[in-house]
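Trainee: Got a structure here, written out as structure tokens. Questions coming.
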Amino acid sequence: MEYIHKPVLLDECIAMLNIRPDGVYIDGTLGRAGHSKEIARRLTTGRLVCIDQDLAAIRAAEELLAPWRDRVTLVHGNFSDLADILRRAEISGADGALFDLGVSSPQLDDASRGFSYMQDAPLDMRMDGTAALTAREVVNTWSYEELRRILYEYGEERYAPAIARAIVRTREERPVETTLELVEIIRGAMPPAGLREKQHPAKRSFQAIRIAVNGELDVLPPMLKAAVEGLNPGGRLAVITFHSLEDRIVKRTMQDLARGCACPREFPVCVCGKKPKIRLVTRKPIVPGEAELAENPRARSAKLRTAEKCEMFDL
């Protein structure tokens with residue numbers, strides 16, 4: 001399939017990263033290399049490390065980034081292993097790191113991957129096709145309590161109990177095998193008011209199952225801390241989120257890393273010794289403008305947060 005990839009908030013990301021021609025940069029979520037291409041072409045003696053857990057993305061990048069391969073290192077891996085990836089790449093410090101979270105457009109558009117609730121496919125939803133856990137296993141083997149929990153916590157689905165019960169009832173008769181089978185179960189469990197909402201009735205449930213399959217939220221705090229540790233003083237961290245759960249975790253983790261002394265207010269002097277590791281470049285997230293939204297409606301929920309690692313003398 002031929003993909004037309006539109007990197008989200010591209011100009012804003014490039015501006016926030018303050019790219020230097022001789023700098024070292026990390027694209028922790030390569031995708032279809034839209035952001036990586038713009039970083040790589042700005043480098044001369046610099047280096048760009050591109051990470052993705054999707055082998056299809058790594059293979060596509062071999063061609064997409066061919067003009068700049070002398071300065072690009074491609075790594076098949078998960079950004080949760082960032083510290084180890086940087087060690088193996090012999091990078092002692094990076095000048096910028098970008099993470100574009102969530103599922104990529106090519107993954108959504110490839111029906112066989114099972115991410116979309118609009119096309120029929122086997123229940124998969126793995127970003128890393130070599131991983132063991134699939135959506136089929138979640139739907140057919142996880143308990144009612146676990147299904148209800150992930151639908152409510154990861155999908156913010158208020159009809160989570162009814163949907164979880166419907167899934168369990170159905171699988172007692174036969175396994176749930178495909179995406180559209182699951183969509184019909186979800187539809188059947190929702191009241192008329194839920195079916196009249198603007199968004200697709202299965203959107204929140206599919207988001208929840210995808211997050212559970214890929215462990216997307218659990219890896220964020222340690223990944224962000226590892227990214228900050230891997231930056232040179234003055235290096236920039238840029239993170240794009242696509243739903244409120246991701247954004248809340250990124251916001252809180254960045255705020256915690258930007259906070260200094262954690263001693264109680266009544267203490268006359270600091271005894272904890274905690275120093276801020278970053279400063280927040282943007283207090284509020286940057287969001288797409290109307291022109292970008294008109295060209296790429298999938299960018300509507302995107303939010304970009306940026307921070308800068310404190311200089312040594314600030315510590």
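The values are calculated or read from the model by the stated rules, or taken from the named source; none is laboratory data. In this text the structure is predicted, and so the values were computed from the model without any measurement. Here the Cβ positions follow ideal geometry from the backbone for every residue, glycine too, while neighbour counts run over all protein chains shown. All accessible areas refer to the heavy atoms of the entire protein, side chains included, with ligands and DNA or RNA removed. Shrake-Rupley method; radii C 1.70, N 1.55, O 1.52, S 1.80 Å.
Trainee: Test E2 against the criterion of being of a type in the set (D, E), farther than 25 Å from K225 by Cβ, at pLDDT below 95 and surrounded by fewer than 22 Cβ atoms within 10 Å (Cβ to Cβ), and give yes or no. Walk me through how you get there before you give the answer.
Mentor: Details: of a type in the set (D, E): yes; farther than 25 Å from K225 by Cβ: yes; at pLDDT below 95: yes; surrounded by fewer than 22 Cβ atoms within 10 Å (Cβ to Cβ): yes.
Spelling it out, E2 is indeed of a type in the set (D, E), farther than 25 Å from K225 by Cβ, at pLDDT below 95 and surrounded by fewer than 22 Cβ atoms within 10 Å (Cβ to Cβ).
Trainee: Within the stretch 46-70, track down each residue that is open to solvent by 20 Å² or more (accessible area, probe 1.4 Å) and touching a residue at least 60 places away in the same chain (Cβ under 8 Å).
Mentor: Q53, L55, A56
Trainee: Let me ask you something else. Of the numbered conditions (1) in contact with an Asp or Glu (Cβ under 7 Å, 6 or more places away or on another chain); (2) of a type in the set (D, E, K, R); (3) modelled with pLDDT of 95 or more, D95 fails exactly one; give the number of that condition.
Mentor: Of the numbered conditions (1) in contact with an Asp or Glu (Cβ under 7 Å, 6 or more places away or on another chain); (2) of a type in the set (D, E, K, R); (3) modelled with pLDDT of 95 or more, the odd one out for D95 is (1).
Trainee: Another question, if that's okay. Go through the stretch 33-45 and count every residue that is open to solvent by 40 Å² or more (accessible area, probe 1.4 Å) and either over 15 Å from R236 (Cβ atoms) or of a type in the set (F, W, Y) (or both). Reasoning before the result, please.
Mentor: The first filter runs over the stretch 33-45 and keeps only residues open to solvent by 40 Å² or more (accessible area, probe 1.4 Å), leaving 37, 41-42, 44-45.
The next check asks that each one be either over 15 Å from R236 (Cβ atoms) or of a type in the set (F, W, Y) (or both); those that pass are 37, 41, 44-45.
Residues flagged as open to solvent by 40 Å² or more (accessible area, probe 1.4 Å) and either over 15 Å from R236 (Cβ atoms) or of a type in the set (F, W, Y) (or both) within the stretch 33-45 amount to 4.
Trainee: Could you say whether any residue in the stretch 40-49 is modelled with pLDDT of 95 or more, in a loop (DSSP other than H, G, I, E, B) and more than 21 Å from G230 (Cβ to Cβ)? Give the derivation first.
Mentor: First, pick out the residues of the stretch 40-49 that are modelled with pLDDT of 95 or more: 40-49.
Narrowing the set further to residues that are in a loop (DSSP other than H, G, I, E, B) leaves 41-46.
Cutting the leftovers down to more than 21 Å from G230 (Cβ to Cβ) gives us 41, 44.
Looking through the stretch 40-49, at least one residue is modelled with pLDDT of 95 or more, in a loop (DSSP other than H, G, I, E, B) and more than 21 Å from G230 (Cβ to Cβ).
Trainee: Sort out which residues of the stretch 264-278 are under 28 Å from I240 (Cα atoms) and in a loop (DSSP other than H, G, I, E, B), and write them in order of number. Outline the logic, then answer.
Mentor: Keep residues of the stretch 264-278 that are under 28 Å from I240 (Cα atoms), which gives 274-278.
Residues satisfying the conditions are K274, K275, P276, K277.
Trainee: Only one of R305, R279 is under 17 Å from L17 (Cβ atoms) and open to solvent by 90 Å² or more (accessible area, probe 1.4 Å). Can you tell me which?
Mentor: Working: R305 fails: open to solvent by 90 Å² or more (accessible area, probe 1.4 Å).
None of the other options fit; the residue is R279.
Trainee: Where in the stretch 174-263 are the helices (runs of 4 or more DSSP H), entirely inside, with at least 2 residues that are surrounded by fewer than 17 Cβ atoms within 10 Å (Cβ to Cβ) and free of Cβ contacts under 8 Å to residues at least 60 places away in the same chain?
Mentor: Numbers: elements: 179-189, 192-195, 203-214, 220-230, 244-258.
Fully inside the stretch 174-263 and qualifying: 179-189, 192-195, 220-230, 244-258.
To keep it simple, each residue is scored yes or no on (1) in contact (Cβ under 8 Å) with a residue 60 or more places away in the chain; (2) in contact with a helix residue (DSSP H, G or I) (Cβ under 7 Å, 6 or more places away or on another chain); (3) open to solvent by 70 Å² or more (accessible area, probe 1.4 Å).
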residue: D100; (1), (2), (3): yes, yes, no
residue: S112; (1), (2), (3): no, no, yes
residue: M127; (1), (2), (3): yes, yes, no
residue: A132; (1), (2), (3): no, no, yes
residue: S143; (1), (2), (3): no, no, no
residue: L151; (1), (2), (3): no, yes, no
residue: G155; (1), (2), (3): no, yes, no
residue: I163; (1), (2), (3): no, yes, no
residue: A166; (1), (2), (3): no, yes, no
